[in-house]
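Each reported figure results from applying straightforward, stated rules to the coordinates on display, with no laboratory input. Just so you know, these numbers come straight off a predicted model, no measurement behind them. So basically every Cβ, Gly included, is an ideal-geometry build from the backbone, and we count neighbours across all protein chains shown.
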Amino acid sequence: MDLLYDTLFNGLAIGSVLVLAALGLAVVFGLMGVINMAHGELMMLGAYTTFVVQNLFKNGPLQGIFPLYILVAIPLAFLVSGLAGLLLEKTVIRRLYGRPLETLLATWGVSLILQQFVRSVSSAFVIGLLVAVALGLVAPRLLPRPWGQRRWAPVLGVATWVIAGLVGIALASGLGGVRVLDQPWFSARNIDVTAPVWLRGSVDLGAVNMPTARLFIIALTALALVAVHWFLQKSVWGIRIRAVTQNRSMSDCLGIPTETVDALTFLVGSGLAGVAGVAVTLLGSVGPNLGGNYIVDCFMVVVLGGVGKLLGTVVAALGIGVLSYVIGSGSLLLVWPAMPAGLNELITFFATTSMAKVLVFALVVVFLQFRPAGLFPQKGRMVEA
Amino acid sequence: MAKWRTWLPWLLLVAAGLILPAILPPFRLNLLGRFLSLGIVALGIDLIWGFTGMLSLGQGIFFALGGYAVGMHLQLLALPPGELPEFFGLYGVKALPAFWQPFHSPLFTGLCIWVLPALVAGVLGYLVFRNRIKGVYFSILTQAALLVFFNFFNGQQKLINGTNGLKTDTARIFGELVGSDAMQRNLFWLTLVLVVAAWALCRWITRGRFGDALIAIRDDEPRLRFTGYNPTAYKTLVFAIAGAMAGVSGALYTVQSGIVSPQYMAVPFSIEMVIWVAVGGRGTLIGAVLGAVLINYAKSLVSEQLPETWLFIQGGLFLLVVTALPDGLVGWWRQGGPRQIQAMVGWPPLAPTYPGLDLDPAVQAEREALGSIPGGAP
């Protein structure tokens with residue numbers, strides 16, 4: 001019986017991180033049909049936000065309330081990742097609606113840029129970047145207006161941005177000579193977030209001993225789920241989002257601002273990634289490659305759960321979590337010590353975290369053979385369901 | 001004139017094959033050979049993505065399978081009879097695992113390089129296509145499959161040396177070290193020949209009725225199905241062909257880089273392959289090869305000078321090619337891109353107008369006889 005509780009709780013703990021990470025993806029993918037490969041990197045931004053907030057609270061006037069920094073980090077991470085997502089939607093994804101494969105590639109490119117960005121960001125880099133963007137945006141206004149009507153206007157537009165970029169790069173490398181400005185903010189190494197004292201111990205739950213951080217994550221996940229459910233079902237904008245999901249052109253005719261709805265959906269989905277990033281920092285050190293560890297798992301959760309259903313995401317994530325734990329820890333051997341030797345060998349073979357992943361993913365692929373649309377498919381009569 | 005045009009590319013190709021080994025230092029030649037071999041996997045991706053519209057993010061599986069087949073054969077070849085490859089000793093393995101045995105035979109290995117990846121691709125493809133899983137779901141599933149294979153190969157030290165991979169440099173083929181300059185030059189020629197063969201195969205596939213069916217699947221699969229075709233068969237077959245090409249490519253890449261490791265199945269590498277095709281031009285076969293060679297050469301140059309900027313450049317390439325150059329460089333060239341730019345900066349080229357008055361030699365002669373016409377084209 002103890003073993004059952006142990007398995008359930010540990011599976012729940014693994015699964016809840018997955019739920020949190022996949023929730024934002026489920027919102028964006030389920031409601032907009034957009035594949036966001038940069039989702040993991042948005043999580044990473046959330047994690048780095050937590051790191052920055054922690055450092056702010058460590059010294060200075062806020063030192064007294066250090067234990068509470070994590071509660072500040074959550075909304076802040078939501079905001080940072082959400083705004084990054086909004087920027088991404090406004091600049092790139094907006095141009096690619098209806099072309100999911102292209103979106104996938106473009107967001108992958110964004111994820112590469114974000115990874116390298118946190119590695120090499122320094123004050124000089126940021127100044128150069130800001131100047132380049134400002135120059136690129138302002139320069140066209142300063143040029144004589146009739147030039148905009150000429151045949152070669154597109155060439156001029158490209159040239160402006162190229163020159164702005166070159167100026168930015170020159171400025172950044174020039175400022176790089178100054179030692180203070182050249183110091184990278186985070187460097188390529190992993191960062192460690194110190195959990196506040198109240199999240200460090202563990203709680204005795206009768207049968208199992210749960211680390212408090214895990215319980216906190218479970219609570220955070222539950223909260224996020226309730227919030228998303230309320231937002232989509234009850235709030236005005238949530239209803240608009242669902243309307244646009246069901247029938248875009250009809251919603252447009254009825255006066256729903258579909259572009260705003262798209263931007264808002266993306267903001268919420270990206271913000272949730274930021275919250276997941278906060279949770280991940282509690283589990284260990286995080287680095288620029290954080291996203292890569294989660295993105296495929298998250299997509300598997302969404303595909304397994306069925307697109308557009310939050311319940312599916314939850315069930316799929318918890319299922320994958322429990323299954324990974326059961327296989328990875330080899331618990332079956334404890335339950336049934338007298339199993340045949342062949343089976344025993346097989347279970348030992350898969351009893352590591354990475355081999356458990358092999359088996360779980362293989363099982364998911366097999367499962368999709370029987371239910372191609374996932375656990376909770378959307379009903380419809382379209383050919384292209 | 002027309003004959004000259006058909007022969008010129010081939011002449012250039014042969015000349016390049018003969019001259020480049022003489023003028024390039026061995027290191028650069030080896031790099032070029034590697035990148036050319038990557039052109040073969042890019043051709044396969046062009047078949048399934050450019051022509052059939054299926055974006056596979058898992059070509060690394062087949063690439064690495066081909067590489068491992070060659071790697072295992074060369075590991076065994078380098079040994080005196082009766083001994084085990086060295087790494088087995090580290091993990092306390094006493095007997096050669098059964099699946100290594102057939103790789104003693106060069107013939108079996110030669111078959112395995114392309115048949116095994118084709119089989120795996122065929123089975124995987126059939127299971128996915130049978131359920132009409134497509135679009136982004138197909139991409140995600142192939143990526144998950146890639147991760148499965150990666151984790152498996154990465155974790156199995158006792159079977160295939162896990163993370164460390166298999167080295168191929170120390171084996172001898174026909175008495176010559178695989179890593180030696182002379183052997184690498186031969187491998188460069190082999191790669192060149194195989195790239196041309198793969199290109200010819202793809203061209204033959206895409207020119208006929210089969211190619212039409214592939215394009216129909218890309219453009220409107222339900223309609224093709226309602227017309228009485230079975231897209232599953234076409235998709236499975238073309239996916240298997242692309243898998244076989246990836247296997248050959250992986251084998252060539254392995255012998256030229258001297259090692260095969262699970263890193264060939266890393267998730268980013270397989271997505272990179274897609275971007276080679278995208279930059280070169282989807283649906284243009286030559287574009288896939290060009291893209292693979294150009295981008296990898298750029299990568300090696302940039303990584304030598306400014307390693308930290310490469311990810312920015314690569315990310316920018318993804319964005320640029322998707323938003324501004326959807327047909328890639330070759331597609332842009334063929335659709336008259338250079339002429340458009342020429343027109344923008346002020347010298348619009350003469351366009352053939354219907355019924356081709358402008359370019360009619362008689363009209364031009366008449367125009368010259370009359371002198372410049374006021375108000376004519378600048």
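Worth pointing out:
- Helix-derived mean residue ellipticity, 222 nm - over chain A, DSSP H n ≥ 4, -39500 (n - 2.57), to 500: -24000 deg cm²/dmol
- Relative contact order of chain B, pairs being alpha-carbon contacts under 8 Å that are 6 or more residues apart, as %: 30
- Tail beyond 32 Å, pair distance distribution of chain A (Cα, percent): 43
- GNM on chain B, alpha-carbon springs under 10 angstrom: the most fluctuating residue among B:Leu306, B:Leu252, B:Leu237 is B:Leu306.
- Calculated log₁₀ intensity ratio I(q)/I(0) where the Debye formula runs over C-alpha points of the range A:70-218, q = 0.09, 0.14, 0.16 Å⁻¹: -0.51, -0.98, -1.14
- Dividing the alpha-carbon radius of gyration of the range B:1-95 by the rule-of-thumb value 2.2 N^0.38 Å gives 1.64.
- Residues whose placed amide H lies under 5 Å from that of B:Ile259, excluding near-sequence neighbours: B:Thr168
- Within chain B, helices built from complete DSSP H runs that reach 27 Å or longer along their own axis (Cα positions) and carry a mean Kyte-Doolittle hydropathy of -1.0 or higher are B:2-23, B:26-45, B:59-77, B:106-130, B:136-155, B:181-207, B:231-257, B:285-305.
- Distance between the modelled labels on B:Ile19 and B:Thr6, one decimal in nanometres: 2.5 nm (7 Å Cα→Cβ projection).
- Taking every full run of DSSP H in chain A, the ones that stretch at least 27 Å from end to end by Cα along their long axis and average -1.0 or higher on the Kyte-Doolittle scale are A:2-32, A:39-58, A:69-91, A:100-120, A:123-142, A:153-175, A:212-233, A:258-281, A:310-329.
- Gyration tensor verdict on the range A:122-183 (Cα atoms; rounded if a/c is under 1.5, prolate if a/b is larger than b/c, oblate otherwise): prolate
- Counting every other Cβ atom within 10 Å of each residue's Cβ, B:Leu201, A:Leu45 order from fewest to most as B:Leu201, A:Leu45.
- Considering only A:Leu310, A:Leu79, A:Leu346, the mean-square fluctuation computed in a Gaussian network model of chain A, springs between alpha carbons under 10 angstrom, is largest for A:Leu346.
- All alpha carbon pair distances within the range A:329-374 were sorted into 10 Å bins beginning at 0; the resulting P(r) in whole percents reads 26, 40, 28, 7.
- Counting neighbouring Cβ atoms within 10 Å and putting the fewest first, the residues B:Phe149, B:Phe62, B:Phe269, B:Phe239 line up as B:Phe269, B:Phe149, B:Phe239, B:Phe62.
- Separation of the A:Leu83 and A:Leu156 label points, Cα + 7 Å toward Cβ, nm: 3.3
- Rg/Rh (Cα only; Kirkwood hydrodynamic radius) as it applies to the protein assembly as shown: 0.99
- Relative contact order for the range A:122-183: 63 percent, from Cα pairs under 8 Å spaced at least 6 residues apart, divided by residue count.
- B:Lys158-B:Leu90 pseudo-label distance in nm [points 7 Å out on the Cα-to-Cβ vector]: 1.7
- Convex hull volume per residue, computed on the Cα atoms of the range B:23-267, equals 125 Å³.
- For the peptide B:151-158, the mean number of other protein chain Cβ atoms found within 10 angstrom of a residue's Cβ is 4.
- For the peptide B:139-147, the mean number of other protein chain Cβ atoms found within 10 angstrom of a residue's Cβ is 6.
- Net charge of the neighbourhood of B:Val41, taken over other residues with C-beta under 12 Å away and scored Lys/Arg +1, Asp/Glu -1, is -1.
- Taking the number of Cβ atoms within 10 Å of each Cβ as an exposure proxy, the fewest-first ranking of A:Ile217, B:Ile259 is B:Ile259, A:Ile217.
- In straight-distance terms, cross-link reach from A:Lys234 covers every one of the lysines whose alpha-carbon lies under 30 Å from its own, apart from those fewer than eight places away in the same chain; here that gives A:Lys90, A:Lys309, A:Lys379.
- Over all orientations, the range B:83-168 has a Cα convex hull whose mean projected area works out to 6.9 square nanometres.
- Across chain A, C-alpha contacts under 8 Å between residues 6 or more apart give a mean separation that, scaled by the residue count, equals a relative contact order of 33 percent.
- Highest-MSF residue in chain B out of B:Ile133, B:Ile215, B:Ile271 [GNM, Cα springs under 10 Å]: B:Ile133
- For the range A:257-309, the square roots of the Cα gyration tensor eigenvalues, ordered a ≥ b ≥ c, give a/c of at least 1.5 with a/b no greater than b/c, which places it in the oblate category.
- Counting only residues at least eight positions apart within a chain, or on another chain, the lysines with an alpha carbon under 16 Å from that of B:Lys167 are B:Lys158.
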